[in-house]
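J.: Let me begin by handing over the structure; questions about it come next.
The values are calculated or read from the model by the stated rules, or taken from the named source; none is laboratory data. For clarity, every value in this text was computed on a predicted model and none was experimentally measured. Ligands, DNA and RNA are excluded from the accessible area calculation, which covers all protein heavy atoms including side chains. Shrake-Rupley method; radii C 1.70, N 1.55, O 1.52, S 1.80 Å.
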Amino acid sequence: MEGDSRGLGRAEPAGELERVGAVALRTTACCLAWVPALAFLLFSHSIGDGPRNNATDILAFCVIAVSLFFTPGAILWWLRYESVRRTGWRAATVTAVFVDLPGCLGALASAGRTNARRLDYVVHYLDGRGARLRGGASLWHHPPLVAFDGAQPAWVGGSGRLIVVLFAGSRWGPSRPRAVPAKFIGVLPARSQ
């Protein structure tokens, strides 16, 4: 993030791309936890002479199940990383808004839950163009709360369903930007400069 004139922090965009790559690596490490767990199970069952410890077997099976849960997330973060690497970052201001689900989808969703809303991002680029992005599912990557109050400086990278919005502020302060997943859903009318 080139300068602090827009409040985007002092980090370079290349470094922030590597931060997205680090998220992909961490997610991949979580999804590959099944390898040592499976090796443990195979090794412990191949010995077979001693008494069985069912608690460690259950723990190994739980590690395998949880790690398989992380596999789609790891694949998506690697695809997002490649998408941002290909397109680069664009400086923008981003506002996070909740949108009610339309029509019968909203009625069906609200029947079982009290929260029948989706998270959208309203993006205005420096050149006056804008886009509307739908927030992606992520366990740990959420926009900062100040993004709901008004437009926040951010970087947007990627294209289509593989977009990353990099907010400057987070709960750790402006020195640690927050990357959140998103997908493109529409173009906003151009703003006058």
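J.: Filter segment 74-92 down to residues that are within 22 Å of Val122 (Cα to Cα) and of a type in the set (D, E, K, R), then give me how many there are.
T.: Selection size over segment 74-92: 2.
J.: What helices (runs of 4 or more DSSP H), lying completely within segment 1-103, carry at least 2 residues that are open to solvent by 40 Å² or more (accessible area, probe 1.4 Å) and either modelled with pLDDT of 85 or more or among the basic types (Lys, Arg) (or both)? If you could, list the steps in order and put the result at the bottom.
T.: Numbers: elements: 13-31, 34-47, 54-87.
Once the helices (runs of 4 or more DSSP H) in segment 1-103 are filtered for at least 2 residues that are open to solvent by 40 Å² or more (accessible area, probe 1.4 Å) and either modelled with pLDDT of 85 or more or among the basic types (Lys, Arg) (or both), what remains is 13-31, 54-87.
J.: Filtering segment 144-184 down to residues that are assigned to a loop (DSSP other than H, G, I, E, B) and at pLDDT 75 or above, which residue is nearest to Phe69 (Cα to Cα)?
T.: To start, the set of residues in segment 144-184 that are assigned to a loop (DSSP other than H, G, I, E, B) comprises 144, 149-151, 160-161, 168-177.
Add one more test, that the residue is at pLDDT 75 or above, and what stays is 149-151, 160-161.
Working: Asp149: 33, Gly150: 34, Ala151: 34, Gly160: 24, Arg161: 20 Å.
Among residues in segment 144-184 that are assigned to a loop (DSSP other than H, G, I, E, B) and at pLDDT 75 or above, the one nearest to Phe69 (Cα to Cα) is Arg161.
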